[in-house]
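Participant: Starting off with a structure, shown below.
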Amino acid sequence: MPSLLKIVGAKVRPLPGAEDMPSAKKADFFKLLLIVCATALALVWPVASLPVRADEQTTIPSPETLQGCGGVLLPSGNEAFEQEVVRLVNQIRLDNGLLPLKRVDSLTAAARFHATDMSEEDYFSHTSYDRVNGELVEACKWSNRLATYYNDWQSISENIAAGYLTPASVVDGWLNSTGHRKNILSPDNWEMGVGYFLGSGSYGHYWVQDFGRRKNVYPVVINSDNETSDDGSLTIYVYGDWEETRLRVDQSDWSGWQPFALPMHWQLKAAAGQHSVEIEMRSANASATASDSIYLSHSTAEPELNTLPDSLTFTYDPATETIAPGLYTIQPLAAGGDAAYIWQVAVDASWLTITPAQGSGSEVVSLVPSLSGENDGNNEQALVTVSLRKSDGTLLAEKKISVALTVTTTTYAVFVPLVSGK
């Protein structure tokens, strides 16, 4: 098939039976391929490097699992490779003024099935094939395979490649092919899935990108669909044409409505772990809700002041010249250690000493009373202010504690001896 190889500019495995086609049918076959290359829905053949045999095979499913149009959920051949393809594609789209794509489980499952199937049935085509008595038999059109996983679609497309060793090299190969680049940069695609398999097929490494858009589904994409954030800084894209949006995190209270503008920015203040971000969108004639999730690798939660008392009372006994208790202790923060936040304790009276007066951790503060010679037994009052601030001075929280020093009044009883006379 020299003309086919010239058309696609790649070394590919010919479809079964193509060599034996009559000239008329072969001409129609090439016309079909040219039409497919010109449309974004039915995709072109990949640019392939020289075949590379796999050094170590991925876990291989049973042959029965790979029959027909799929429908089974297969494990990833390399999750990190797949995610890196998503990252690279989304960066390319952003560089070209397009929204990043949302990776979805359904398209991922379709792509993984096809990558595995091509490897283990040893063929290379958008059409799915089965091996029957050692011969390849057409089992499923590519669009039917995608529909097995991806329901109610409005548009779909697919890129495949084989022989590439890394995510960067396969994405670069696709970008250097007009048809594949068109699919990557199509504004009609809103969602994607990536499948990679390293197996026993002639090309070793098999890659599949499936793209799509579903009816009445408006994806939310956080941080170009990266799975993890270190600092909680979120850049959010929402598909659709809206007038206003609002969001909430982990089912908390909604933010206020804001004019629709992309990208949206949000600083996630939360403990390390998985967090959901829900977006509500509305316009004059429609509304929708969508969500995405992000794993926060480090806590970004702002510390909070401990539960502190409203008031404290010291008692001074003039008879013994003692104050009870000798001190009170408070702990501004239950946990700390983040230098970005500082607690401070201040008092407005000289008779009460505060030690220490500030910190950034879980230190314990002592409140110690004292009496000077100027005190003539009067009651004393003080106001202690505990504050939590960012290192730039921004006040986050404040608590005021009333402190009293009460002087006891001693009552003396006088007894007169009983005197009697006769």
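The values are calculated or read from the model by the stated rules, or taken from the named source; none is laboratory data. Note that this is a predicted model, so its numbers are computed, not measured. Positions of Cβ are backbone-derived with ideal geometry, glycine not excepted, and every protein chain shown enters the neighbour counts. Please note that ligands, DNA and RNA were not included when accessible areas were found on the heavy atoms of the full protein model with its side chains. Shrake-Rupley method; radii C 1.70, N 1.55, O 1.52, S 1.80 Å.
Participant: Taking the residues in the range 59-71 that are in a loop (DSSP other than H, G, I, E, B), out of contact with any Leu (no Cβ under 8 Å at 6 or more places or on another chain) and not hydroxyl-bearing (Ser, Thr, Tyr) as candidates, determine which candidate is surrounded by the most Cβ atoms within 10 Å (Cβ to Cβ).
Facilitator: 70
Participant: Looking only at residues that are assigned to a strand (DSSP E or B), open to solvent by 40 Å² or more (accessible area, probe 1.4 Å) and in contact with a Leu (Cβ under 8 Å, 6 or more places away or on another chain) in the range 254-273, which one is farthest from residue 98 (Cα to Cα)?
Facilitator: The selected residue is 267.
Participant: Okay, moving on. Anything in the range 97-141 that is surrounded by 24 or more Cβ atoms within 10 Å (Cβ to Cβ), over 30 Å from residue 236 (Cα atoms) and of a type in the set (D, E, K, R)? List them, or say none.
Facilitator: Answer for the range 97-141, where residues must be surrounded by 24 or more Cβ atoms within 10 Å (Cβ to Cβ), over 30 Å from residue 236 (Cα atoms) and of a type in the set (D, E, K, R): just 117.
Participant: Out of the residues in the range 322-339 that are more than 11 Å from residue 359 (Cα to Cα) and in contact (Cβ under 8 Å) with a residue 12 or more places away in the chain, which is least open to solvent (accessible area, probe 1.4 Å)?
Facilitator: 330
Participant: Sort out which residues of the range 298-342 are closer than 15 Å to residue 401 by Cα and not hydroxyl-bearing (Ser, Thr, Tyr), and write them in order of number.
Facilitator: Across the range 298-342, the qualifying residues are 305, 306, 308, 309, 310, 312, 314, 327, 330, 331, 332.
Participant: Just one of 82, 120, 158 is outside any helix (DSSP H, G or I), closer than 16 Å to residue 207 by Cα, at pLDDT 90 or above and of a type in the set (Asp, Glu); which is it?
Facilitator: Exactly one residue qualifies, and that residue is 158.
Residue-wise test of (1) within 41 Å of the chain's Cα centre (by Cα); (2) under 30 Å from residue 319 (Cα atoms); (3) aliphatic (A, V, I, L, M); (4) assigned to a loop (DSSP other than H, G, I, E, B).
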{"position": "338", "(1), (2), (3), (4)": "yes, no, no, yes"}
{"position": "342", "(1), (2), (3), (4)": "yes, no, yes, no"}
{"position": "345", "(1), (2), (3), (4)": "yes, no, yes, no"}
{"position": "362", "(1), (2), (3), (4)": "yes, no, no, yes"}
{"position": "368", "(1), (2), (3), (4)": "no, yes, yes, no"}
{"position": "382", "(1), (2), (3), (4)": "no, yes, yes, no"}
{"position": "386", "(1), (2), (3), (4)": "yes, no, yes, no"}
{"position": "398", "(1), (2), (3), (4)": "yes, no, no, no"}
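Participant: So is residue 94 surrounded by fewer than 19 Cβ atoms within 10 Å (Cβ to Cβ), assigned to a helix (DSSP H, G or I) and either under 27 Å from the mean Cα position of the chain (by Cα) or not small (Gly, Ala, Ser) (or both) or not?
Facilitator: Taking the combined requirement at face value, the residue satisfies it.
Participant: Name every residue in the range 340-349 that is open to solvent by 60 Å² or more (accessible area, probe 1.4 Å) and of a type in the set (Val, Ile, Thr), in order of residue number.
Facilitator: None; the set is empty.
Participant: Right, another one. Assess whether residue 352 counts as being under 16 Å from residue 403 (Cβ atoms), surrounded by 12 or more Cβ atoms within 10 Å (Cβ to Cβ), among the hydrophobic types (A, V, I, L, M, F, W, C) and out of contact with any Pro (no Cβ under 7 Å at 6 or more places or on another chain).
Facilitator: Judged against the criteria, residue 352 is not a match.
Participant: Could you check residue 224 against (1) at positive phi; (2) assigned to a strand (DSSP E or B) and say which number it fails?
Facilitator: Residue 224 satisfies every listed condition except (2).
Participant: I would also like to ask the following. Can you find even one residue in the range 98-106 that is over 17 Å from the mean Cα position of the chain (by Cα) and under 25 Å from residue 223 (Cβ atoms)?
Facilitator: Looking for residues that are over 17 Å from the mean Cα position of the chain (by Cα) and under 25 Å from residue 223 (Cβ atoms), one finds at least one in the range 98-106, hence yes.
Participant: Identify, please: which residue in the range 289-316 is among the hydrophobic types (A, V, I, L, M, F, W, C) and surrounded by fewer than 17 Cβ atoms within 10 Å (Cβ to Cβ) and is, among those, farthest from residue 225 (Cα to Cα)?
Facilitator: Top of the filtered list is 308.
Participant: Determine whether the range 189-205 contains at least one residue that is among the β-branched types (Val, Ile, Thr), outside any strand (DSSP E or B) and under 30 Å from residue 61 (Cβ atoms).
Facilitator: Within the range 189-205, not a single residue is among the β-branched types (Val, Ile, Thr), outside any strand (DSSP E or B) and under 30 Å from residue 61 (Cβ atoms).
To keep it simple, each residue is scored yes or no on (1) free of Cβ contacts under 8 Å to residues at least 60 places away in the same chain; (2) under 34 Å from the mean Cα position of the chain (by Cα); (3) within 13 Å of residue 197 (Cβ to Cβ); (4) assigned to a strand (DSSP E or B).
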| residue | (1), (2), (3), (4) |
| --- | --- |
| 112 | no, yes, yes, no |
| 115 | no, yes, yes, no |
| 129 | no, no, no, yes |
| 144 | no, yes, no, no |
| 151 | no, yes, no, no |
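Participant: Here's something else I'd like to know. Residues that are open to solvent by 40 Å² or more (accessible area, probe 1.4 Å), among the aliphatic types (A, V, I, L, M) and without any contact (Cβ under 8 Å) to a residue 40 or more places away in the chain: does the range 230-252 have at least one?
Facilitator: No, that holds for no residue.
Participant: Search the range 363-397 for residues being open to solvent by 60 Å² or more (accessible area, probe 1.4 Å) and among the small types (Gly, Ala, Ser), and hand back the single one that is modelled with the lowest pLDDT.
Facilitator: The extreme case among them is 373.
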